[in-house]
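Q: Have a look at this one.
Each value in this text was obtained by applying a stated rule to the coordinates, not by laboratory testing. Since the structure is predicted, the reported quantities are computational estimates derived from the model, not experimental observations. Glycine gets a Cβ as well: all are built from the backbone with ideal geometry, and neighbour counts include every protein chain shown.
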Amino acid sequence: MLKKLKDIVRKSSIHVCIVNCGGCNGCDVELVALLSPRYDLEQYGIYVHNNPREADVLLVTGAVTEQWRDNLRRIYAKTPEPKIVVAVGNCPQSGDVFAQEGGRVLAPVSDFIPVDAAIPGCPPRPSEILEAVLTVAPGALAAKGRAQDARKD
Amino acid sequence: MSSLIWYIYEFARKTWIDGFFDAKSKEDIAHKPDRFRDFPNVIKENCIGCGSCTASCPSPNAIKLVRDSDNEESTGLIFPVINKSACIRCGFCAEVCPSTPKTLECGENHFIREEFNIIPSKRKYIVDDYLCIRCKKCMDACEVGAIEEIDDRLVVNQSKCISCGKCLETCPVKGAMRGVFVNNLEEQKKIINLTVNTLEKYIESKQDDLIQLGTDKLFLDELKFKPIFDESLTILNDEEVVHEVLEDAINRLKIRIITWDGDNCKKCQMCIPDCPTGAISFDSDNDTIVRDKEKCLRCSICYQTCPFGVIKYFLAKFNLDTNDNDEEVIHISVKASQLAERRA
């Protein structure tokens, strides 16, 4: 009974933190577009924070730069369990246009923190981001939460 | 107090309650716009393995040329592979791909070439330098500054032109600024041929009336536009293009007609050596002058030579107009040439 209630709560209220680890801000603009009335992110129970301690989902954008090497791990450590990481756009996956010869980007993000989902595109369309977060986040959060509860018992 | 009532009113509104319990995004947020370039689509069989797509790609890991393993029958295919997690959907690879048909397709190709408009349009705007009076009204009307002055001539810069058609509206000289249709050139040719042939056939059938016509009289006639228009539509099914091509062709068309009144001919044979193409000859067996219509240039030299008025020469002009019943008709006016009278 309690487990089911926890599942429902975890599924219906997803708190998101946007982490831009050194990108061009294109993906961040698309994420901000999700807050607009046309897409209206909050009607799906998704809330955007800029505090990792309150977040369930980390939306990582940008190719990882030198300064973000340690900070990314710190932010991931600060996020409470259960947590998932979604890589938004191409930069966190491959470095995209920044991964030139002699460049100083440390992409992919999966070298530093475990990534649960990736959305391709440069930038992805807001509807694609919404679709990906909604398909992955509730299920993954509930499953991880159950596993965590099982470990405690 | 009033603000409290206002709050209650706001919260009690049905739309608000509906939105609160049953919120939905509109369906169209998931629709991609028509001109949205998605990830390139690869058609393996067309690839020639030139590598221009990899050279043009701005993202280092996005596109790679790979080769299938060889088997007994043939060597392996070479083809590009798109890595979706690095592709930025710029479409450069599809634009540079030189194979025909293209190996890479990426939405609408824009082709960064001068002769193609960046914005897809049926028309291409050009200045007719012969008719242009250099008033530069089109330069003022153009909102993107696509009309430039080069060596005292006005030229439309095709890479800037957005095909809005404002230059065409402001141009005071008919025909100096032209929006020509760049597609379906073969069909346009067929339509023009059809129009000229139909009108020529019609006017040739009126020869008997023309012979009676006095030198200072006009022969006026009307021909229905609809049948020609309908027949043209079967060649090219685009009313806008067909109508403009037909209107242009009809309004510019001038047909010269030679009539031959054989009864008055005195067989003096003066016209025979004058004819530049040898269309006129003397048939000694039947004792008649024979005119080969196929060879005739309609240059009017025989008409100017003939002393007995056997040959007559007419000029037919056409104009597309609407009549009183709002039907489109072709006005035909035929006038006898007065060259012979002037000479005398």
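Q: Is there a simple number for the mean count of other chain Cβ atoms within 10 Å of the Cβ of residues in A:93-101, and what is it? Mind dumping the intermediate values first?
A: Numbers: counts 5, 9, 5, 9, 9, 2, 5, 3, 1.
Rounded to a whole number, the mean comes out at 5.
Q: Two decimals is fine: what is log10 I(q)/I(0) at q = 0.24 Å⁻¹ for segment B:41-105, from a Debye sum with one equal scatterer on every Cα and no solvent?
A: -0.99
Q: Have a look at chain B and give its Rg and Dmax from the Cα atoms, expressed in angstrom.
A: Over chain B's Cα set, Rg and Dmax evaluate to 33.1, 119 Å.
Q: For peptide B:81-87, how many partner chain Cβ atoms fall within 10 Å of a residue's Cβ, on average? Walk me through the numbers on the way to the answer.
A: Working: counts 0, 0, 4, 6, 15, 11, 6.
Per-residue shielding by partner chains comes out at 6.
Q: Moving on to the next point. Relative to the first principal axis of the alpha-carbon coordinates of chain B, what is the inclination of helix B:2-12, with its axis defined by its Cα atoms, in degrees from 0 to 90 and to the nearest 10?
A: With rounding to tens, the tilt is 80 degrees.
Q: How large is the helix-only mean residue ellipticity at 222 nm for the protein assembly as shown, computed as the sum of -39500 (n - 2.57) over DSSP H runs with n ≥ 4, divided by its residue count, in deg cm²/dmol to the nearest 500?
A: It lands at -9500 deg cm²/dmol.
Q: What residues of segment B:216-253 lie in the reach of a label at residue B:324, counting those whose backbone N is under 18 Å from a point 7 Å from the Cα along Cα→Cβ?
A: Answer for segment B:216-253: B:220-224.
Q: Mind checking the mean number of beta-carbon atoms from other chains within 10 Å of the Cβ atoms in A:118-124? Don't jump to the answer; show the numbers that get you there.
A: Values: counts 2, 1, 8, 7, 9, 2, 1.
Neighbouring Cβ atoms belonging to other protein chains average 4 per residue here.
Q: Please compare each pair in B:84/B:160; B:32/B:136; B:254/B:295; B:160/B:226 to a cut-off of 29 Å on the Cα-Cα distance and tell me which ones are over it. If you can, show how the numbers build up before the last one.
A: Values: B:84/B:160 32 Å; B:32/B:136 41 Å; B:254/B:295 19 Å; B:160/B:226 38 Å.
In this structure, B:84/B:160; B:32/B:136; B:160/B:226 lie more than 29 Å apart at Cα.
Q: Here's a follow-up. Which value results when the Cα radius of gyration for segment A:76-120 is divided by 2.2 N^0.38 Å?
A: On the way: Rg = 11.9 Å, N = 45, 2.2 N^0.38 = 9.3 Å.
Its radius of gyration relative to the 2.2 N^0.38 Å reference: 1.27.
Q: Using θ = phi - 60° and the Karplus form 6.51 cos²θ - 1.76 cosθ + 1.60, what ³J(HN,Hα) does each residue of segment A:21-35 get, whole Hz, x for Gly and Pro?
A: 9, x, x, 8, 6, x, 5, 5, 5, 5, 5, 5, 4, 5, 7
Q: Same structure again: What is the helix-to-structure angle for B:226-235, meaning the angle in degrees between its Cα long axis and the longest Cα principal axis of chain B, kept from 0 to 90 and rounded to the nearest 10?
A: Roughly 50 degrees between the two axes.
Q: In nm, give the distance between the simple-model label positions of residue B:75 and residue B:22, each being 7 Å from the Cα along the Cα-to-Cβ direction.
A: 6.5
Q: For segment A:36-123, just run the numbers: alpha carbon Rg, then divide by 2.2 N^0.38 Å, N being how many residues it has. Could you put the intermediate results ahead of the total?
A: Working: Rg = 13.9 Å, N = 88, 2.2 N^0.38 = 12.1 Å.
Dividing the Cα Rg of segment A:36-123 by 2.2 N^0.38 Å gives 1.15.
Q: Let me ask you something else. Can you compute 3J(HN,Hα) from phi for each residue in segment B:178-189, using the Karplus curve 6.51 cos²θ - 1.76 cosθ + 1.60 with θ = phi - 60°, rounded to whole Hz and x for Gly and Pro?
A: 3J(HN,Hα) across segment B:178-189, in whole Hz: 10, x, 8, 7, 8, 9, 6, 5, 4, 5, 4, 4.
Q: Another question, then. Any idea what diffusion coefficient chain A gets from Stokes-Einstein, in µm²/s, Kirkwood Rh on alpha carbon pairs, 25 °C, 0.890 mPa s?
A: Calculated translational D: 156 µm²/s.
Q: What is the helix-to-structure angle for B:239-252, meaning the angle in degrees between its Cα long axis and the longest Cα principal axis of chain B, kept from 0 to 90 and rounded to the nearest 10?
A: 30
Q: Sticking with this one: DSSP loop GluC sites (Glu not before Pro) in segment A:54-129 with at most 14 other Cβ atoms within 10 Å of their Cβ, which ones?
A: Values: sites: A:54, A:66, A:101, A:128; in loops: A:66, A:101.
Qualifying residues, ordered by number: A:66, A:101.
Q: Need one number for the protein assembly as shown: average projected area of the convex hull over its C-alpha atoms, nm². Write down the numbers at each step before the final one.
A: On the way: hull surface 192.5 nm².
With the hull built on Cα positions only, its mean projection is 48.1 nm².
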